[in-house]
Each structure stands twice: as structure tokens, then as C-alpha cells.
1. Take Thr257 and tell me if it is part of a loop (DSSP other than H, G, I, E, B) and touching a helix residue (DSSP H, G or I) at 6+ places or on another chain (Cβ under 9 Å).
2. Considering only residues that are touching a Gly at 6+ places or on another chain (Cβ under 9 Å), under 30 Å from Thr229 (Cβ atoms) and not β-branched (Val, Ile, Thr), which ones fall in the stretch 280-302?
3. Considering only the stretch 254-269, state which residues are open to solvent by 60 Å² or more (accessible area, probe 1.4 Å) and of a type in the set (Asp, Glu).
4. Name the single residue that is nearest to Phe195 (Cα to Cα) among those in the stretch 215-242 being of a type in the set (D, E, K, R) and at pLDDT 95 or above.
5. I want to confirm something. Restricting to the stretch 287-323 and keeping residues that are of a type in the set (Ser, Thr, Tyr) and either modelled with pLDDT under 95 or more than 17 Å from the chain's Cα centre (by Cα) (or both), which single residue is nearest to Thr187 (Cα to Cα)?
6. Test Gly60 against the stated conditions and say whether it is surrounded by fewer than 21 Cβ atoms within 10 Å (Cβ to Cβ), at pLDDT below 60 and of a type in the set (Gly, Ala, Ser).
7. Can you tell me how many residues within the stretch 189-246 are assigned to a strand (DSSP E or B), touching a Pro at 6+ places or on another chain (Cβ under 9 Å) and among the basic types (Lys, Arg)?
8. If a residue has to be open to solvent by less than 20 Å² (accessible area, probe 1.4 Å) and within 19 Å of Ser68 (Cβ to Cβ) to count, how many in the stretch 83-122 make the cut?
Amino acid sequence: MTAQETAQGPQHKRDLTRRKVVAAGAGAVVAVGVGGALAAGAFAGEETAAGKGKTAGTSGEACYRLTSETTEGPYYIDADKLRRDITEDQEGIPLTLRLKVIDSDTCKPLANAAVDIWHCNALGVYSGYESMGSGGGGGGGGTPPSGAPSGTPTGTPTGAPPGGGGGGGGHEEPTDDERYLRGTWRTDKKGEVVFRTVFPGWYQGRCVHIHTKVHVNGIWTDAGYEGGTTCHTGQLFFDEASVLATAEVAPYSTNTTTRTTLDDDTIYPGNGTQGGLLKLTYKKGAIAKGATATLTMGVDPEATQDGTGDAVQPGASASASAG
């Protein structure tokens, strides 16, 4: 973290001034996973299952450690519905995502923070960018060119490298109105928030991951969440054993795109839970029935993040692309 910004200081260019969203009830349609009713069954028991253990991050974690900042990626859409169930009609293994957000300095929970999550579907496609194929154009999708290449490139390439892989690169404007596997919800008085979704798939160049943002100092209204600053931009990651288990289950098993492992990923910082590595729980040999992922995120509520992995200097404008 290179700088801090108080709530009274200049607001970040990525403030949620456009975050005027229509609240959706928590009773959104649950995806039909493998076996038809698996999603509903797994989600129905989430509170009971979670109540058997300790709250994620309250034991064995140093709460003063900041959760690593990572790039926003090119496929963020600041227009998501307020909802905990983001599944819509997407098929896949039911996933309950339980996050706890705390102040990394005081260790106190951050209540009423707005948490965004978004990720690709089982086949590596992002909503809003379906025409770009797997990974929103990050490889693995679309129709390959035919014929042999002609001509020999000359000169030195100019400009920035193309975005893709859901990691770096500039923001891409949405190509469609789909918004599945995207959503925003508020943390409770314990700093906790629970989302219902499906296990993400993969696409060329990236390991399996979920994007997330944490916003503070905004106002919750009947229309949604407005104003405030983005104090954390990160990605959540899955261990290899869990991903390999999902690869045996349809529709993941039909994904022929080469998968990047966690160790080979260029975005994962390699520092475990501090870097966003989720704790996965599921019945051994039966991940198709659903899994629960938990993580405690330590954030600096006085910081303003620009989506590039660095804090914005007070008084400076953010350089991250909009979206």
C-alpha cells in the first residue's frame, strides 16, 4: 500500500457515482446444477453447515495483514444488481461464497460495506462479453482464422499489449446485456456477506478465480448503493485439488481450453489466504453436490484503490480505465 486517503479527502475517480442499481430480492432463480436439484439442496443447507465451525478468518489468521491488491481486469461492469444469488440460469457446481471483511489495522469488522463479485461461467465466458468467447476474448473462444498467414511483420510493435485473461489490460466495453455471475451485497454487522453462485470455470491464460471489490463510505438507498470509495480490488483463488475435482464434472468436463494452474498464474501473488486463496469445503468425491468457500479479507477502509493493484495518492487522479 503506497498511500492512504481519509474519508474526508479527495474521492477516487473510480468512485461509485454510477452505482445506481435496482435492488433484486434474494430469491433469484438458483441454477440447475448437475443432477437437476443439486444447487437448491446445497444452498438450502448453507447456514446450518456454516454454523458448525468458526467464522472464517477468526482463528489462525493475522488480521493486521492486508489482503493483496490485484488488477481489476478488463471485464468489470459497475452496474450490477444488488443480490446475493448471482447464479441466474448458469449450470455448474453450486458454490456458497462466505466472505468476512475486516479493518486490517483495528481488526474490527466492516459493516455496511458493499462487496462486488464477478466471474466467468463453467466454460470460461463472462456475462456482458459473450461475443468475445471464452475469457471475454482472453483466448479459447471464437473461430480461429483459416489459411496460412501472409506477409512478414516489419518494424517495432507499438501500443499496449492486448488485454485478456481477466487479469490486466484495459477495460473492455460490454458487448451484451447479460449480467449473470455478477452481483453486489452489503456486509452485516459482523462484516460478513454470503453469495450463492456456481464454481467458476477456466479460460486460456488464467487459473480459476473470482474478482472482487470492496466499497466503503457510500449510501444505501432504495435504488441501490451510491457514492463512496473503492478500498480493495482483488481476486479470489481456488486450490488445484478442488479445481481438478470439478474438471471431472459436467459441464466443466466439456471445457477443452488449456487450463493455467494456480502456480503458473501470473496474477495470483502466491501468498495463500493473504493473496486471496479460498478455503474450500466439500464432501470428498462428491464436489458435484456443492462446495463452500470462505475467506477473511483485511482491507484499509481509508485507502482508495484504482484497480491496478496500487493505492491512489491523495489528491491524484486514478489512472485505471473505467468500467
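The values are calculated or read from the model by the stated rules, or taken from the named source; none is laboratory data. This structure is a prediction, so every number in the text was calculated from the model and none was measured. Because the Cβ atoms are built from the backbone with ideal geometry, glycine has one as well, and the counts that use them run over all protein chains shown. Please note that ligands, DNA and RNA were not included when accessible areas were found on the heavy atoms of the full protein model with its side chains. Shrake-Rupley method; radii C 1.70, N 1.55, O 1.52, S 1.80 Å.
1. yes
2. Across the stretch 280-302, the qualifying residues are Leu295, Met297, Gly298, Glu302.
3. Residues satisfying the conditions are Asp263, Asp264.
4. Asp239
5. For the stretch 287-323, the residue satisfying everything is Thr304.
6. It is true that Gly60 is surrounded by fewer than 21 Cβ atoms within 10 Å (Cβ to Cβ), at pLDDT below 60 and of a type in the set (Gly, Ala, Ser).
7. 1
8. 11
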